[in-house]
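The block underneath contains the structure these notes are about, expressed in structure tokens.
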């Protein structure tokens with residue numbers, strides 16, 4: 001029987017598939033019969049989904065600007081100049 | 001006409017060794033491979049496109065500047081991520097004030113309006129009111145993430161948005177596996193506490209969890 005206090009600290013790791021197999025199985029079995037811990041698990045999962053959805057929507061079209069590499073070249077060139085001083 | 005890529009099949013770590021030998025084309029290949037990743041990485045921290053580009057370029061400059069010190073100790077992407085992460089965190093330190101919105105303040109109309117699941121990414125419903133709430137929710141998420149400590153914010157970004165394993169996160173952050181595990185747990189709980197209305201709504205709707213991503217590592 002898994003201690004509830006332990007379960008609550010391991011729920012994040014379970015969500016991330018970072019628990020050893022035996023431990024994960026024990027936690028999952030506990031979740032089947034403990035409403036409170038299962039609710040906690042679902043809430044964390046929903047938060048993950050919210051954040052991932054938001055991140056997906058805000059970054060799906062994100063690309064460097066067309067001038068990115070040219071500007072970087074200029075900065076590298078400036079950096080290579082003798083007596084180069086980085087901007088303050 | 002596209003420039004020939006001499007180092008197309010060369011592993012990242014070997015490119016750095018080539019760069020050490022003075023071959024700048026190797027550096028150009030690194031930039032070509034990782035500019036998308038680095039801009040996206042920085043954007044996820046600072047949520048400002050121009051600033052993200054600026055920081056990502058600074059990351060490449062650092063790589064170039066300290067190329068002579070490079071040794072193959074870990075994967076190149078771990079090194080690059082570490083450099084970018086530290087630059088982003090430096091940027092946060094410069095900003096002293098974080099505005100934390102009242103997350104539990106509902107839009108007019110109460111809890112019925114806050115149906116984030118159907119609003120986020122629901123491009124088939126361009127209702128102006130929903131778009132407004134969508135934008136509001138996005139701003140709240142952004143500000144809540146910003147209100148976390150840099151450590152908690154970093155682990156969440158690396159885990160949730162980039163899909164790094166705990167071991168990889170520990171390498172990038174220079175932390176132990178146990179520390180990463182504890183930080184992620186606490187960060188998630190802090191986010192959970194600040195989105196209690198959203199979570200109540202999920203329970204009311206019997207929301208099925210889903211994800212719009214399949215593999216964050218490709219992003």
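Miscellaneous remarks
- Annotation: the residues B:65, B:192, sorted from fewest to most other C-beta atoms within 10 Å of their own C-beta, follow the order B:65, B:192.
- Label zone of residue B:197 (point 7 Å out along Cα→Cβ, amide N under 18 Å): in the range A:26-59 this covers A:47, A:50-51.
- Residue by residue along A:11-19, Cβ atoms of other protein chains within 10 Å of the local Cβ number 5 on average.
- Between the helical axis of A:21-33 and the longest alpha-carbon principal axis of chain A there is an angle of about 60 degrees.
- Equivalent ellipsoid semi-axes, chain A, via Cα gyration tensor eigenvalues times 5, rooted, Å: 50, 17, 11
- Computed from Cα atoms, the angle from the helix A:4-15 axis to the main principal axis of chain A rounds to 40 degrees.
- A Förster radius of 41 Å combined with the Cβ-Cβ distance from residue B:204 to residue A:65 puts the calculated FRET efficiency at roughly 0.45.
- In this simple spin-label model, placing a label point 7 Å from the Cα along the Cα-to-Cβ direction at both residue B:151 and residue B:10 gives a separation of 4.0 nm.
- Cβ-derived FRET efficiency at R0 45 Å, residue B:139 paired with residue B:24, nearest 0.05: 0.60
- Value at 222 nm in deg cm²/dmol, rounded to 500, when DSSP H runs of n ≥ 4 in chain A each add -39,500 (n - 2.57): -23500 deg cm²/dmol
- Inter-site label distance for residue B:66 and residue B:89 at 7 Å from Cα along Cβ, in nm: 1.3
Values in this text are rule-based calculations from the coordinates and carry no lab data. It should be emphasised that the depicted structure is a prediction, and the values quoted were computed from it without experimental measurement. Ideal geometry is used to build each Cβ from the backbone, glycine not excepted, and the neighbour counts take in all protein chains shown.
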